[in-house]
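First comes the structure, then the notes that go with it.
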């Protein structure tokens with residue numbers, strides 16, 4: 001019997017690389033999907049390519065979608081990325097790095113591709129503990145998307161398969177994610193987390209994403225291998 | 001007080017042109033959103049531009065998204081478009097012109113733009129009577145998308161506004177839609193419906209969409225003005 005297929009949303013960051021490793025560990029044939037959405041940290045796409053290659057995905061689609069047309073986020077406009085915020089502040093409010101409806105857009109494309117592949121499995125590396133307070137990372141959002149998808153597609157209506165959105169990291173701390181990834185052979189030197197890298201692609205070390213990564217490696221008691229340029 | 005803003009999904013066809021007219025009639029400030037998604041009938045984008053201009057939209061965004069990367073539909077691949085099907089056959093099965101997750105993708109982008117605009121209103125010209133049996137045109141799908149959206153965005157979480165997806169045509173026949181549009185000043189000569197036009201942009205007169213349009217004008221007792229090239 002051939003392996004079940006799954007679509008993995010792969011950003012090039014620590015969480016999605018670990019999620020891809022989990023999907024491979026669970027014996028899925030993997031199809032990676034990344035987006036060039038106008039993010040200022042598009043260096044993450046190079047990271048995504050290397051990670052996809054390393055894990056032997058069957059196909060990696062990098063889709064350009066121009067979210068700069070709408071703006072509304074520090075990641076897709078010239079608004080400054082917040083720096084040096086405490087972890088407490090991060091969880092208290094939704095920051096300007098929130099990209100309107102981003103996960104909804106990403107999951108919608110994943111749903112389309114899964115249907116064409118004859119797959120009912122999507123993997124998404126969202127995390128509801130060590131994160132920036134984004135609404136579209138919460139379990140109740142994932143459940144509502146799944147229910148909507150059960151009415152949206154020909155595959156669902158014809159009962160060919162039910163959609164499952166796998167979120168293996170959703171209840172893990174960053175340190176737990178890192179330990180799990182290392183167990184599964186993730187080379188975190190390939191990953192990039194910074195929202196606001198230098199033109200050369202170096203991390204700023206001060207945005208929310210950098211700070212959450214730093215604390216994760218500290219708590220895991222491991223030195224961050226960092227991405228080599 | 002300034003007018004409420006709304007995002008209108010505008011394909012360039014008869015239904016979405018009528019939907020834009022309804023939104024204008026209801027005094028919304030309108031923002032039109034169209035997609036170049038790899039459809040073989042991309043002539044509809046020229047139609048969308050003219051319709052948007054004629055109705056004085058505040059902005060018209062035409063977003064390229066390459067759904068040909070995934071294929072799976074006669075509209076986004078080289079699969080042949082079915083011709084000369086009876087209306088009964090159309091409603092009995094979901095045809096190969098179904099584009100996987102298309103309305104979910106379109107609504108997700110509309111949701112993003114609405115949030116940036118500070119709008120809670122999206123207009124979509126779906127129709128559950130004279131249509132091709134697509135699952136993402138049904139009322140229960142629209143309700144599930146709305147519920148998902150209520151958990152997806154910063155605007156929803158912070159209770160700035162609730163999303164309403166307006167589907168003014170959903171329970172109308174094609175003939176009723178045409179009469180309503182004529183009352184509201186829609187010039188149907190600007191619209192195009194064909195899934196499989198000639199290279200010059202002429203309608204094939206034989207695909208589901210052409211046949212539904214023909215029957216609609218016949219039942220309305222009106223001559224189709226057709227799109228002038």
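Roughly how crowded by other chains is peptide A:62-73, in terms of the mean Cβ count from those chains within 10 Å of each of its Cβ atoms?
Other-chain Cβ atoms within 10 Å of each residue's Cβ, averaged: 5.
Along Cα-to-Cβ, 7 Å out, sits the label point; list in nm, shortest first, how far the one on residue A:2 is from those in the other copies.
Copy-to-copy label distances for residue A:2: 5.3 nm.
Can you grab the distance from the C-alpha centre of the range B:139-187 to the C-alpha centre of the range A:43-86, Å, no decimals?
That distance is 31 Å.
In deg cm²/dmol, rounded to 500, what helix-only [θ] at 222 nm does chain A give when every DSSP H run of at least 4 residues adds -39500 (n - 2.57) and the total is split over its residues?
Estimated from H runs of four or more residues: -11500 deg cm²/dmol.
Which whole number gives the average count of other chain Cβ atoms within 10 Å of the Cβ atoms across peptide A:110-117?
Averaged over the peptide's residues, the number is 6.
For the range A:40-153, what is one quarter of the convex hull surface built on the Cα atoms, given in nm²?
Taking a quarter of the hull surface, the average projection is 8.6 nm².
If you build a Gaussian network model of chain A, linking Cα atoms that sit under 10 Å apart, which residue out of A:107, A:63, A:212 swings the most?
For chain A, modelled as a Gaussian network with Cα springs under 10 Å, the answer is A:63.
To the nearest 10 degrees, how steeply does helix A:208-220 sit against the main Cα axis of chain A, on a 0 to 90 scale?
Taking Cα atoms only, the helix is inclined about 90 degrees.
With axes computed from alpha carbons, what is the tilt in degrees of helix A:43-54 against the longest principal axis of chain A, rounded to the nearest 10 within 0 to 90?
So the inclination is approximately 50 degrees.
Taking R0 as 22 Å, what FRET efficiency do you get between residue A:159 and residue B:219 from their Cβ-Cβ distance, rounded to the nearest 0.05? Write out the running numbers ahead of the final one.
Working: r = 34 Å, r/R0 = 1.55.
Rounded to the nearest 0.05, the efficiency is 0.05.
Pick from A:32, A:48, A:203: which is most flexible by mean-square fluctuation in a GNM of chain A where alpha carbon atoms under 10 Å apart are linked?
Of A:32, A:48, A:203, the most mobile in the Gaussian network model is A:203.
Report, as an integer, the average count of C-beta atoms from other chains found within 10 Å of each Cβ along B:138-148. Don't skip to the end; give the middle numbers.
On the way: counts 3, 1, 2, 8, 2, 2, 9, 9, 2, 4, 13.
Mean inter-chain Cβ contacts per residue within 10 Å come to 5.
Could the peptides B:11-22, B:73-84 be put in order, highest first, of the mean number of other beta-carbon atoms found within 10 Å of their residues?
Details: B:11-22: 25.7, B:73-84: 16.9.
In decreasing order of mean packing, B:11-22, B:73-84 become B:11-22, B:73-84.
Taking the inverse of the average 1/r across all pairs of different Cα atoms in chain A, what Kirkwood radius in Å do you get?
Numbers: mean 1/r = 0.0561 Å⁻¹.
Radius from the Kirkwood sum: 17.8 Å.
Please work out the Kirkwood hydrodynamic radius for the range B:1-60, using every pair of different C-alpha atoms, and report it in angstroms with one decimal place.
Computed over the range B:1-60, the radius equals 11.5 Å.
How high is the relative contact order of chain B, given as a whole-number percent (alpha carbon pairs under 8 Å, six or more residues apart)? All intermediate terms of the calculation are to be shown ahead of the outcome.
On the way: 427 pairs, mean separation 55.9, N = 229.
Contact order relative to length: 24 percent.
Mind pulling the angle between the C-alpha long axis of helix A:174-183 and the longest principal axis of chain A? Nearest 10 degrees, somewhere in 0 to 90.
60 degrees
Quick one: if you take sqrt(5λ) for each eigenvalue of the C-alpha gyration tensor of the protein assembly as shown, what semi-axes come out, biggest first, whole angstrom?
41, 24, 18
Of the candidates A:204, A:194, A:137, which one comes out as most mobile in a Gaussian network treatment of chain A with C-alpha springs shorter than 10 Å?
Of A:204, A:194, A:137, the Gaussian network model singles out A:204 as fluctuating most.
The numbers here are math on the coordinates, done by the rules we state, and not lab data. These numbers come from a predicted model, not from an experiment. FYI the Cβ positions are ideal-geometry reconstructions off the backbone, even for glycines, and counts take in every protein chain you see.
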